[in-house]
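Engineer: Below is the structure I would like to discuss, written out as structure tokens.
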Amino acid sequence: MTNFNIKKVLCIMLAVMLTVTMAVTAFADDPYTSYNYNAWKEAVPSQNGYQVTDTITGAEIGLDQLSDPDSEFFISEDEPATLSDAKDFFLSENEEWYIVDTGNNRIIKTDLEFNLLACFKTFTGSSITTETTLEDGTVETTVANTLKSPYGIYVDEDDIMYIADRDNQRVIKCNQDCEIITEYTRPDSELYDSVSFYCTKVLVDAAKNVYVICPAVNKGAIMYSASGTFLGFFGANKVEVTAQVVINKMWRKIATESQSATLTKATPVEYANFDIDDQGFIYTVTEAANTTTDAVKKLNPAGSNIISRTENGAEIVFGDQTSVTYSGTTYSTRLTDISIGDNGIVNILDYTSGRIFQYDREFNLLFIFGCDQEDQNGGFDNPNAIESYGDKIYVLDGRNNDITVFSETLFGSYVHEAAEMYNEGLYEDSLELWQDILKRDGNYNMAYVAIGKALLNQDEYEEAMKYLKAGYDDEDYDKAFEYYRKDLMRNNFTAAIIVIAVLIIAYLVVKALQKRGKIPDHLWRRLFRLIGKGIKTLANKIVGVFTKNKKGGAVNGL
């Protein structure tokens, strides 16, 4: 082989190696396809705000120490070294993780970096007993001193744990020594009409009131005082208005009592999960597929939803817009958990698609990221819970038995900084950031609105109208249009009057000269046409200022 051919082959091989390396690097950086919504509510490709940086399993946590007789964490030689169907986790104010290892009936405690600190499995002080009849006919009474399919956990600022012990039908309040302080059980009240108390989630407010979710209860969260007294229900969902609900309501007005009894009763959907922010507002999510009414709520202390409509009066849609087909897969939103992060950022986990929908504190959509396992390698198979801390998002998968860590990208940091300034009304200060965001992602709709508002504050009305039009912000577009019209009229009023006066004088002079025969007919007709055309053009410009098109959409030249 000649030297020329050898060099040619080496060049080709080098090119192939570089291509493969770039592809692998691209996959490592972005193991899923991110999208967002444009002004027409269509899913479009988008820059990733987060990327996967780590995956935590039982091995990384060090769960094998639980079965190691030489370890300080030793429980028994048969203690599992992996998570099993983990349903929930919680990051305490002391920056310690509490993982509800449901299948293994235990709570795993780690530090912020997921190094094992403790395992809570056996408790003392329970007042709940069960009776079992043995083969010889004797009755054995046992105390519920172990967990039985725990589903949820909350840890307060004093490191007191509240565990939703589902199959024991109780919530236990206990300290770090596993001493039970209080047990919250089925309320002995006529208001509580369910025969069971299979609790799945729990949280506590600043007054130490305890809120519990039971899938069999659709009246809202079950509320207890710190001492365990049943206080009632908190923030029930509204009934989903469907065609069948409307028909049944109309039919009941004319049906007999026996006919009405056969009709299906319309009932609200129960909560799937909730979280509480630093100000005491409780955020709830409803998991039922295709549910839009009260899918996400922000409840004040009175239990009322304070999420308002958008600035344009439209309903805020959480998750995907009803259903979305992207990359060949159709998704229908089924919200399963919610986490409130820094600056009130709202992170919502979609069980169906494995996606995380992130909103700012004003519920403007920031990012959509993550995926299910069928869509892409490394996706979620059974996403059960979500938490956030600083610039990281954590998702617990109950079937993969691991925790996926998402870290904020550079683009994500730009958006978060700009969004916070935007929500504080610092439109002009955030202008440069939003312009940089738009250069990186021309589909980012919020950037158009933010830039438009900044330009509006800078009295750049005509330029602001272009961005606000692209962002479908009709309310601010109207403001910019009104100011633009006033400015245009004020700045051009004198010139317009002069032009009109000149045209009128010219018309009168030409008319007088024509009557005297000093201007031939063909010349004065031509002059009249020119003068008339000038007046018409000026009139059209004036009318155009008052009838400027406001329909939103893509703007050329942006």
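The values are calculated or read from the model by the stated rules, or taken from the named source; none is laboratory data. Values in this document were obtained by computation on a predicted structure and should not be read as measured data. A quick note on method: Cβ atoms are made from the backbone with ideal geometry, for glycine too, and the neighbour counts reach across all protein chains shown. Please note that ligands, DNA and RNA were not included when accessible areas were found on the heavy atoms of the full protein model with its side chains. Shrake-Rupley method; radii C 1.70, N 1.55, O 1.52, S 1.80 Å.
Engineer: For the range 145-176: of the residues being closer than 17 Å to Ser225 by Cβ and in a strand (DSSP E or B), which is nearest to the chain's Cα centre (by Cα)?
Structural biologist: Ranking the candidates gives Tyr154 first.
Engineer: Which residue out of Thr142, Thr138, Thr132, Thr82 is within 39 Å of the chain's Cα centre (by Cα) and among the polar types (S, T, N, Q)?
Structural biologist: On the way: Thr142 fails: within 39 Å of the chain's Cα centre (by Cα); Thr138 fails: within 39 Å of the chain's Cα centre (by Cα); Thr132 fails: within 39 Å of the chain's Cα centre (by Cα).
Criteria check complete, one pass: Thr82.
Engineer: Of all residues in the range 440-461, which are open to solvent by less than 40 Å² (accessible area, probe 1.4 Å), free of Cβ contacts under 8 Å to residues at least 60 places away in the same chain and among the acidic types (Asp, Glu)?
Structural biologist: If the condition is that a residue be open to solvent by less than 40 Å² (accessible area, probe 1.4 Å), free of Cβ contacts under 8 Å to residues at least 60 places away in the same chain and among the acidic types (Asp, Glu), then no residue fits.
Engineer: Filter the range 50-61 down to the residues that are hydrophobic (A, V, I, L, M, F, W, C), under 16 Å from Phe89 (Cα atoms) and assigned to a strand (DSSP E or B) and list them by number. Explain how you work it out, then say what you get.
Structural biologist: Taking the range 50-61 and keeping what is hydrophobic (A, V, I, L, M, F, W, C), we get 52, 56, 59, 61.
Then drop every residue that is not under 16 Å from Phe89 (Cα atoms), which leaves 56, 61.
Within the range 50-61, just Ile56 meets the criteria.
Engineer: Among Asp487, Asp476, Asp429, Asp459, which is of a type in the set (Asp, Glu), outside any helix (DSSP H, G or I) and at pLDDT below 90? Even if it seems obvious, please write down each step before you answer.
Structural biologist: Values: Asp487 fails: outside any helix (DSSP H, G or I); Asp476 fails: outside any helix (DSSP H, G or I); Asp429 fails: at pLDDT below 90.
None of the others qualify; the one that does is Asp459.
Engineer: Now, a different point. Mind checking which pairs have a first residue in the range 402-425 that is closer than 30 Å to Gly62 by Cβ and a second that is part of a loop (DSSP other than H, G, I, E, B) and open to solvent by 10 Å² or more (accessible area, probe 1.4 Å), Cβ under 7 Å, 6 or more apart or different chains?
Structural biologist: Qualifying pairs under 7 Å: Asp402/Thr57; Ser407/Asp391; Glu408/Asp391; Thr409/Asn48.
Engineer: Same structure again: Applying the selection to the range 86-138, what residues are under 15 Å from Tyr162 (Cα atoms) and among the small types (Gly, Ala, Ser)?
Structural biologist: Selection gives Ser92, Gly125, Ser126.
Engineer: Moving on to the next point. Please determine whether any residue of the range 62-80 is closer than 26 Å to Phe369 by Cα, part of a helix (DSSP H, G or I) and open to solvent by less than 60 Å² (accessible area, probe 1.4 Å).
Structural biologist: Here is the first cut: in the range 62-80, the residues closer than 26 Å to Phe369 by Cα are none.
Within the range 62-80, not a single residue is closer than 26 Å to Phe369 by Cα, part of a helix (DSSP H, G or I) and open to solvent by less than 60 Å² (accessible area, probe 1.4 Å).
Engineer: Determine, yes or no, whether Val405 is among the hydrophobic types (A, V, I, L, M, F, W, C), surrounded by fewer than 21 Cβ atoms within 10 Å (Cβ to Cβ) and closer than 30 Å to Asp85 by Cα. Can you show your working first?
Structural biologist: On the way: among the hydrophobic types (A, V, I, L, M, F, W, C): yes; surrounded by fewer than 21 Cβ atoms within 10 Å (Cβ to Cβ): yes; closer than 30 Å to Asp85 by Cα: yes.
Yes.
Engineer: Being open to solvent by less than 80 Å² (accessible area, probe 1.4 Å), more than 13 Å from Lys109 (Cβ to Cβ), touching a strand residue (DSSP E or B) at 6+ places or on another chain (Cβ under 9 Å) and in a loop (DSSP other than H, G, I, E, B) is the filter here; which residues of the range 81-98 pass it?
Structural biologist: Leu83, Ser84, Asp85, Ala86, Lys87
Engineer: Additional query: When the residues of the range 205-218 are narrowed to those that are surrounded by fewer than 20 Cβ atoms within 10 Å (Cβ to Cβ) and in contact (Cβ under 8 Å) with a residue 60 or more places away in the chain, which ends up farthest from Val296 (Cα to Cα)?
Structural biologist: Checked the range 205-218; the qualifying residue farthest from Val296 (Cα to Cα) is Ala206.
Engineer: Could you list all residues from the range 442-456 that are aromatic (Phe, Trp, Tyr) and either more than 21 Å from Asn423 (Cβ to Cβ) or not in a helix (DSSP H, G or I) (or both)? Reasoning before the result, please.
Structural biologist: Of the range 442-456, the ones aromatic (Phe, Trp, Tyr) are 444, 448.
Across the range 442-456, the qualifying residue is only Tyr444.
Engineer: So which of Ile180, Ile153, Ile163 is in contact with a Phe, Trp or Tyr (Cβ under 9 Å, 6 or more places away or on another chain), open to solvent by 10 Å² or more (accessible area, probe 1.4 Å), closer than 20 Å to Lys201 by Cα and of a type in the set (A, V, I, L, M)?
Structural biologist: One residue alone meets the criteria, Ile180.
Engineer: Run down Ala385, Ala418, Ala470 and say which single residue is crowded, with 20+ Cβ neighbours inside 10 Å and modelled with pLDDT under 95. Write out each step before concluding.
Structural biologist: Numbers: Ala385 fails: modelled with pLDDT under 95; Ala418 fails: modelled with pLDDT under 95.
Of the residues listed, the single one that is crowded, with 20+ Cβ neighbours inside 10 Å and modelled with pLDDT under 95 is Ala470.
Engineer: Testing Phe120 on (1) hydrophobic (A, V, I, L, M, F, W, C); (2) free of Cβ contacts under 8 Å to residues at least 40 places away in the same chain; (3) surrounded by 16 or more Cβ atoms within 10 Å (Cβ to Cβ), one condition comes back false. Which one is that?
Structural biologist: For Phe120, the exception is condition (2).
Engineer: Here's a follow-up. Given (1) within 30 Å of the chain's Cα centre (by Cα); (2) without any contact (Cβ under 8 Å) to a residue 40 or more places away in the chain; (3) closer than 17 Å to Ile276 by Cβ, where does Ala221 come up short, assuming only one miss?
Structural biologist: Failing condition for Ala221: (2).
Engineer: Give the range 177-212 a look and list any residue that's part of a loop (DSSP other than H, G, I, E, B), among the hydrophobic types (A, V, I, L, M, F, W, C) and more than 20 Å from Asp85 (Cα to Cα), or say none. Full working, then the answer.
Structural biologist: From the range 177-212, those part of a loop (DSSP other than H, G, I, E, B) are 177-178, 185-200, 205-209; that's our starting set.
Keeping just the survivors that are among the hydrophobic types (A, V, I, L, M, F, W, C) gives 178, 191, 195, 197, 199, 206-207.
Residues satisfying the conditions are Cys178, Leu191, Val195, Phe197, Ala206, Ala207.
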